[in-house]
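One structure, as structure tokens, below. Some questions next.
The values are calculated or read from the model by the stated rules, or taken from the named source; none is laboratory data. Since this is a predicted model, take the numbers as computed values, not measurements. Ideal geometry is used to build each Cβ from the backbone, glycine not excepted, and the neighbour counts take in all protein chains shown.
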Amino acid sequence: MATRFLNSGNPIVIIAVIIVCTALRAGVFTGEFPQSNIQALPFFYDLLFIELQKSSVLNFISGLLLAIIQGLVFNRMVQEQKLITRISNLPFAVFLLLTSLFPQTALLSPQLVAATFALLALKVLFSNAKSTFSIQKYFQTGLFLGIAGLFEPAALLFLIFPFFNALYFHVQYFRSFTIPLIGFALSYYLAYGFASVIAGRFLFDWQHFLLRPQMGSFTGYFYYASVLFTSLLIGFGFPVLNKLSIETVQVRKVYLLLFWWASICLPVFIFSGMQGLAVFTLAMASIAAMISYLLFYSKRTLISDFIIYGIVVLTFINNWVLR
């Protein structure tokens with residue numbers, strides 16, 4: 001019943017999912033509200049979001065709004081790329097539930113802001129895959145990744161992803177390998193140039209690009225989330241790979257690229273200067289795409305419903321019990 005309801009294209013599904021996820025996320029107020037280390041926040045996050053970060057209510061609302069925007073962008077990307085064969089709100093529901101799994105992934109954070117622009121970069125890059133080669137779209141991808149890098153320095157590693165996309169779709173155009181770098185550099189130039197003019201001094205710090213492994217700072221809760229998200233990706237991803245033979249070449253390539261995106265997320269997790277569960281928001285698109293694909297095409301409604309209810313229950317436990 002849950003799968004059939006979420007598979008509908010009716011806008012009421014989006015409203016219902018938002019209400020459920022808001023209730024699940026509200027468990028964050030039952031215990032000590034998670035706070036980021038204010039001293040460690042990136043400059044532009046500190047500049048734009050510090051006041052929202054200080055207020056638990058505004059933090060909660062802002063995190064929810066960003067997740068909703070991401071979910072709508074993700075759902076639109078799935079429809080545009082024909083990853084599922086008809087209009088459905090299931091991808092939006094799966095995405096929003098996954099971002100609600102833990103309080104740290106649900107609240108406003110530098111990684112959540114970075115994930116929003118990284119998802120926009122994915123959407124632009126995949127839209128380019130359906131058309132002839134477009135310099136503009138490769139440039140926009142680099143620009144969005146550059147903005148993501150302003151909030152999560154390790155997002156620099158995502159610049160390798162347009163290279164994979166070019167190898168899959170536009171290998172004959174060597175310039176597609178370099179155009180995202182130009183967009184990435186321009187975003188930094190404009191952002192720090194504008195901020196430096198306002199501040200009256202040059203603000204750029206080259207150490208922003210200095211990536212240091214943070215393995216020693218991982219907590220047990222982080223490893224718990226790592227196992228959970230990895231299990232979801234592998235558990236749903238491998239069955240998707242087995243089913244891709246029945247899909248068009250375009251769809252197969254997009255899903256394979258989403259696997260590449262997830263693989264790039266691993267070093268991003270390790271080199272992120274702001275350790276915490278929020279970093280997993282960068283990988284949500286890949287995980288949500290695999291789960292949505294299997295649930296959408298599953299002929300066993302009871303199993304699909306069990307998976308959805310299982311994610312809801314697990315989200316409730318993580319937000320309301322394991323506080």
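So, in region 266-323, how many residues would count as being assigned to a helix (DSSP H, G or I) and of a type in the set (Gly, Ala, Ser)?
9
I need every pair where a residue in region 300-322 that is crowded, with 16+ Cβ neighbours inside 10 Å has its Cβ under 7 Å from the Cβ of a residue that is at pLDDT below 95 and among the hydroxyl-bearing types (Ser, Thr, Tyr), sequence separation at least 6 or different chains.
Note: pairs meeting the criteria are Ser304/Thr3; Ser304/Ser298; Asp305/Thr3; Ile308/Thr3; Trp320/Thr30.
Let me ask something additional. Given the options Val279, Val240, Val249, name the one that is hydrophobic (A, V, I, L, M, F, W, C) and without any contact (Cβ under 8 Å) to a residue 12 or more places away in the chain.
Val249
What residue, among those in region 295-322 that are in contact with a Ser or Thr (Cβ under 7 Å, 6 or more places away or on another chain) and of a type in the set (Val, Ile, Thr), is farthest from Val78 (Cα to Cα)?
Across region 295-322, the extreme among qualifying residues is Thr315.
Which is within 13 Å of the chain's Cα centre (by Cα) and either β-branched (Val, Ile, Thr) or more than 22 Å from Ile307 (Cβ to Cβ) (or both), of Leu48, Leu52, Leu122, Leu64?
Result of the check over Leu48, Leu52, Leu122, Leu64: Leu122.
While we're on this one: State the number of residues belonging to region 262-285 that are modelled with pLDDT of 95 or more and either more than 15 Å from Phe229 (Cα to Cα) or surrounded by fewer than 24 Cβ atoms within 10 Å (Cβ to Cβ) (or both).
So the count comes out to 0.
Collect the residues in region 276-323 that are of a type in the set (A, V, I, L, M) and touching a Gly at 6+ places or on another chain (Cβ under 7 Å), keeping them in residue-number order.
The one that is of a type in the set (A, V, I, L, M) and touching a Gly at 6+ places or on another chain (Cβ under 7 Å): Met290.
Next up: Inspect region 129-152 for any residue being within 24 Å of Cys21 (Cα to Cα), hydroxyl-bearing (Ser, Thr, Tyr), more than 15 Å from the chain's Cα centre (by Cα) and part of a loop (DSSP other than H, G, I, E, B) and give the result as yes or no.
Looking for residues that are within 24 Å of Cys21 (Cα to Cα), hydroxyl-bearing (Ser, Thr, Tyr), more than 15 Å from the chain's Cα centre (by Cα) and part of a loop (DSSP other than H, G, I, E, B), one finds none in region 129-152, hence no.
Within region 52-61, does at least one residue satisfy the condition of being more than 25 Å from Ala121 (Cα to Cα), of a type in the set (Ser, Thr, Tyr) and without any contact (Cβ under 8 Å) to a residue 60 or more places away in the chain?
For region 52-61, residues more than 25 Å from Ala121 (Cα to Cα), of a type in the set (Ser, Thr, Tyr) and without any contact (Cβ under 8 Å) to a residue 60 or more places away in the chain: present.
Considering only region 18-120, give the helices (runs of 4 or more DSSP H) lying wholly within it that have at least 1 residues that are modelled with pLDDT of 95 or more.
Once the helices (runs of 4 or more DSSP H) in region 18-120 are filtered for at least 1 residues that are modelled with pLDDT of 95 or more, what remains is 56-80, 90-99.
Provide a single number: the residues in region 1-15 that are surrounded by 12 or more Cβ atoms within 10 Å (Cβ to Cβ) and touching a helix residue (DSSP H, G or I) at 6+ places or on another chain (Cβ under 8 Å).
Residues meeting the conditions: 7.
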